[in-house]
Every structure is written in C-alpha cells, then in structure tokens.
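The values are calculated or read from the model by the stated rules, or taken from the named source; none is laboratory data. Everything numeric in this text was worked out from a predicted model, so none of it was measured. Note: ideal-geometry Cβ built from the backbone for every residue, glycine included; neighbour counts use all protein chains shown. Protein only, heavy atoms only, side chains kept; ligands, DNA and RNA dropped before computing areas. Shrake-Rupley method; radii C 1.70, N 1.55, O 1.52, S 1.80 Å.
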Amino acid sequence: MRAALIQLTVSDDPAANLPVTVSLVRQAVAAGAGFILTPELTNGLSSSRAHQRHVFRHEEADETLAALRAEAKAAGVWLLIGSLGVLTHDADGRFANRSFLIGPDGGVVARYDKIHMFDVNVSETEVYRESEGYRPGNRAVLAETPFGKVGMTVCYDLRFPALYRRLAQAGAQILTVPAAFNHITGAAHWETLLRARAIETGCIVLAPAQTGFHPETAGKGRRTHGHSLAVAPWGEVLADGGTDPGVTLVDIDLARVDAARHRVPSLTHDRGFDGP
C-alpha cells in the first residue's frame, strides 16, 4: 500500500481551504496512493471561537467532509481526514475535533474525537486553551481496513503513550497522528515523540501535519511546525514532508511491524507493580 501524507497551510476559511486540499488529494491519487491522509483541522485553523462558530458546520452539513468523501469514492481510495472542527449539540456549545476514516466507497468507516486537549503555556505570548472551544472525546478507536488495523489519534494525543500502547495491544499495526503541531514545541519534540511511539508499539506511524503561518481574518494567526512524518516500527524516519505544503509518499510494509515485534515483544511484557 502506498500512502500519501498531505501537508497544508490552511487559513480560517474552510471554503478557501477546500480546493487546495482537493487538488493535493488528486495529486496523491495520480501518484498511486491508496491511503491518503490530511492533517488536523483540515477545514481551518482559527483562534476566534466566534469565527469558528460562524464557519464550522455539524457533521452532516460539513462541505469539506462531503467533498472529500466524494473524492475518495471517485478515486476508490482510503482517506483519513486528519480532523475537522465540527459543531456539536452539546449544551455548552463546544465543538468536536473529529478525525474521519473514509473508505473507497465514500462511506465513513470510523470516527475519532480527539481525547487530549492542548491546554498549554508554550511561552509568555503563546497560550492555548483548546478545551475552552472543543470538548474532549472519551473513546479510543481502532479501525479495520484491508491493509491493516489503524489506531486513530490526533496531535496532542502524541504526548500520552498509554493511548498508543492500548491501541497496539488491541491490534493496531498503523497509528495515525494528524497534527497542527506548534512551531516551538514541534521543533523540540515532534520527531522524537513520533519515533518513540513507533518504537514503543512496534507500529508504523503516519503523521500528516499543518505547516507555516496560518492567517486569520479574526485573529493574529499562528505558526505550525510542518514535517509530516512516516516512521517505521524500529524508529527509522521513512519520509519527511519538510516545511512546504504538498504531498509526501511512502510505501507501507506491514512485514516491518511483525519483524519489530518479534525482535522486541514488549507489548506482551506488562507486569504489575506496587507504588509509588
């Protein structure tokens, strides 16, 4: 299976972002990809909750979701929409940061709502409180596909290895980590964390990313790290998307998963212990 990691520099306008995403999906199809992945918040990045409420839609009315489902069906490919910001019916009005796995018939095979919220103080001038706008999910998701079992995660989940271990012990062979990783934390931690999750679980890790400066009509904008990565189960970086928007191709070989787990079968070595 050839996979394609799509790297984007989205604005806060889903209508303007969609044609760019569709063009890159078609480029990936033309290059022979059978599994195409887009980054976190493919429909748009914004720091304004009011603006998000204006441009986000409920899942059933989301134009980005509908268009990308149509692209997957037309090409007969698997497509991971890394995530979309979607409206919910929650009483507190918060959104969901939801990842979608689309099958070759255009159907939604699996949904995953990001569990861990990015509530951090990156610096004195960069403070994020994702939980103020998005409500966290509460369920890990493992999806069955003809090319392997896929464990679905999103961005800040990457810092919580217990989630990945549980997915791997449940049978995951491929882990997806679509992201809009901050440019400061990304430079320090992105590759190291992805390689660690691959090594710990013996999984192939596929991580499509947002990159560059993301302009906003109702805010100051933000920067993301880029460097969409594919990582082998032994920890080698198989592909790096750099810092420009585009398509990065990588061939997935699940024999790597079996080989790594045979050499270091740590997923079966859990032991109970006391303390602290």
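A few notes on this one:
- Taking the listed residues PRO39, PRO19, PRO104, the one that is modelled with pLDDT of 95 or more, over 21 Å from VAL250 (Cβ atoms) and within 20 Å of the chain's Cα centre (by Cα) is PRO19, with no other qualifying.
- Residue list for region 25-37, filter: part of a helix (DSSP H, G or I) and open to solvent by less than 20 Å² (accessible area, probe 1.4 Å): VAL25, ALA28
- Residue within region 111-119 that is free of Cβ contacts under 8 Å to residues at least 24 places away in the same chain, open to solvent by 10 Å² or more (accessible area, probe 1.4 Å) and within 19 Å of the chain's Cα centre (by Cα) present: yes
- Flag for ALA162 being part of a loop (DSSP other than H, G, I, E, B), over 23 Å from GLY44 (Cα atoms) and either open to solvent by less than 30 Å² (accessible area, probe 1.4 Å) or modelled with pLDDT of 95 or more (or both): no
- Residue that is most open to solvent (accessible area, probe 1.4 Å), among those in region 73-94 that are farther than 21 Å from TYR156 by Cβ and in a loop (DSSP other than H, G, I, E, B): HIS89
- When each of ALA61, ALA3, ALA30, ALA96 is tested for being under 17 Å from THR248 (Cβ atoms) and either without any contact (Cβ under 8 Å) to a residue 40 or more places away in the chain or touching a Ser or Thr at 6+ places or on another chain (Cβ under 7 Å) (or both), the lone residue that passes is ALA30.
- Hits in region 185-221 - residues which are assigned to a helix (DSSP H, G or I), in contact with a strand residue (DSSP E or B) (Cβ under 8 Å, 6 or more places away or on another chain) and either of a type outside the set (S, T, N, Q) or open to solvent by 20 Å² or more (accessible area, probe 1.4 Å) (or both): THR185, GLY186, ALA187, TRP190, GLU191, LEU194, ARG195, ARG197, ALA198
- Subset of region 129-140 (residues that are in a strand (DSSP E or B) and either of a type in the set (S, T, N, Q) or buried (at least 18 other Cβ atoms within 10 Å of the Cβ) (or both)): TYR134
- Selection status of ARG69, part of a helix (DSSP H, G or I), farther than 30 Å from PHE147 by Cα and open to solvent by 10 Å² or more (accessible area, probe 1.4 Å): no
- Residue count, region 122-139 (criterion: under 11 Å from ASN182 (Cβ atoms) and of a type in the set (S, T, N, Q)): 1
- Residue check for THR224: outside any strand (DSSP E or B) and of a type in the set (S, T, N, Q): no
- Residues being under 30 Å from ARG256 (Cα atoms), crowded, with 19+ Cβ neighbours inside 10 Å and aliphatic (A, V, I, L, M) - total across region 1-23: 5
- Looking only at residues in region 222-276 that are polar (S, T, N, Q) and open to solvent by 60 Å² or more (accessible area, probe 1.4 Å), the one that is nearest to GLU191 (Cα to Cα) is THR243.
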